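A short write-up of the structure that comes next.
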Amino acid sequence: MIGTVHLVGKTYAGGVPLAEVVRSGFVEGVHHGSVVVLDATGTAVDAAGDVGAPIFPRSSNKPMQAVGMIRAGLPLTDPADLAMVAASHAGEAFHLARVTRLLAGAGFGAEALHCPPELPAGDQARVAVLRAGGGPTRIQMNCSGKHAGMLLTCRSAGWPVDGYWRPEHPLQQRLREAVEDLTGERAAAVGVDGCGAPVLAVSLTGLARAYLRLVTAETGTVERTVADAMRTYPEIVGGTEADDTRLMRGVPGLLAKVGAEGVIAAAMPGVGAVALKIDDGAGRARMPVLTSALRRLGVDAPVLAEFAEIPLFGGGLPVGATHPLW
């Protein structure tokens with residue numbers, strides 16, 4: 001499976017100019033990508049680029065995978081633990097402590113995790129580990145919460161833990177069913193994510209549709225339970241300074257989750273949903289474009305002003321910015 005991608009149907013054709021990088025009044029670069037905006041009914045009201053072809057949402061798939069784990073018997077009732085399962089955490093102390101407790105409560109050690117050893121994703125957490133003389137560990141890997149949830153689900157369902165990350169494992173089959181159900185699409189490709197677990201390709205339109213379903217589901221449903229857990233504990237989902245954490249803190253009711261390679265999805269009940277991908281994977285273009293998309297839905301908050309442009313520096317002083325073209 002490693003290095004293999006199974007494709008069904010068309011592949012992503014690429015996007016259009018969505019953001020430009022301006023330094024000292026000179027356009028230094030342009031980021032292409034695709035973005036779709038759905039209204040509260042799920043109808044596409046704006047779009048740019050290729051929003052119907054499949055992309056790998058990467059970690060933006062995690063809320064849907066968390067739904068799949070609960071449907072398969074994940075024995076967690078604490079919303080903070082559920083937020084951890086859907087997280088791409090920064091490796092801060094409170095993240096590591098929660099993952100450790102989840103594993104220990106089911107009789108697992110860190111060695112049971114298939115995700116690779118890494119340093120924390122968060123800058124401050126990474127520096128703290130290095131200053132203390134530490135190095136990469138599986139717990140510190142940003143997907144360790146998801147992998148802990150997978151292990152607990154297997155234990156609860158009576159499935160073998162060995163190979164829980166393989167696409168043919170019963171767990172991964174159930175998670176695929178959840179992704180396909182929530183997006184309303186058949187997964188167009190199965191690849192290997194950075195953490196070693198499967199990553200499923202769906203369209204940006206399907207991704208936005210899934211997030212809208214999560215936030216508009218009835219209270220008490222599995223879908224709403226995951227959405228509420230993430231919105232209640234945004235610091236667990238990302239980290240103290242993570243983009244999606246700051247968004248959910250700053251816009252009450254908003255569900256947001258970043259994914260690698262320039263992906264992010266967000267939804268708000270009664271308002272709509274957005275999903276986008278920056279083609280070159282640049283994180284600096286992601287938030288300005290998302291801000292523009294959310295404003296098209298009438299969403300406004302001080303935090304969006306912070307994300308509307310990402311400053312560029314020269315000699316320690318601001319000399320330009322990355323800002324949206326769309």
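Quick notes on this structure:
- C-alpha long axis of helix 204-216 to longest principal axis of the chain, angle in °: 70
- Spin-label model, Val22 to Val127: label points 7 Å out along the Cα-to-beta-carbon direction sit 3.1 nm apart.
- Distance between the stretch 277-314 and the stretch 67-87 - C-alpha centres, whole angstrom: 29
- Check: the stretch 36-153 dipole with +1 on Lys, Arg Cβ and -1 on Asp, Glu Cβ, in debye: 380
- Only helical runs count toward this figure. For the chain, summing -39,500 (n - 2.57) over DSSP H runs of n ≥ 4 and dividing by all residues gives -11000 deg cm²/dmol at 222 nm.
- Placing a label point 7 Å from the Cα of Thr221 along the Cα-to-Cβ direction, none of the residues of the stretch 70-108 has a backbone N under 11 Å of that point.
- If you plug the beta carbon distance of Arg101 and Glu306 into 1/(1 + (r/R0)^6) with R0 = 30 Å, you get a FRET efficiency near 0.35.
- Surface per residue (accessible, 1.4 Å probe) for the chain, Å²: 39
- Under 5 Å from the amide H of Ile264 lie the amide H atoms of Gly259, Leu276, each residue being 5 or more positions distant or on a separate chain, with H modelled from the backbone and absent for Pro and chain starts.
- Karplus-derived 3J(HN,Hα), 6.51/-1.76/1.60, for each residue of the stretch 49-54, Hz, glycine and proline x: x, 9, 9, x, 8, x
- Cleavage-rule hits (GluC sites (Glu not before Pro)) in the stretch 170-230: DSSP loop, at most 12 neighbouring Cβ within 10 angstrom: Glu218
- Lys, Arg +1 and Asp, Glu -1 on Cβ, resulting dipole of the chain about Cα centre, debye, nearest 20: 380
- Which of Tyr211, Tyr12, Tyr233 is most accessible, then next, and so on - probe 1.4 Å: Tyr233, Tyr12, Tyr211
- By the rule of a second cysteine Cβ within less than 4.7 angstrom, the chain holds isolated cysteines at Cys154.
- Full-stretch length increase - Thr232, Ala93 - with 0.36 nm per residue and alpha-carbon distance subtracted: 48.1 nm
- Accessible heavy-atom area order of His31, His323, highest first, probe of 1.4 Å: His323, His31
- Heavy-atom surface analysis with a 1.4 Å probe gives the chain a carbon and sulfur content of 54 percent of its accessible area.
The values are calculated or read from the model by the stated rules, or taken from the named source; none is laboratory data. As the structure is a prediction and not an experimental result, all values here were calculated from the model. Cβ coordinates were reconstructed from backbone atoms using ideal geometry, including for glycine residues, and neighbour counts include every protein chain displayed. Areas reflect the complete protein model, heavy atoms only, side chains present, ligands, DNA and RNA absent. Shrake-Rupley method; radii C 1.70, N 1.55, O 1.52, S 1.80 Å.
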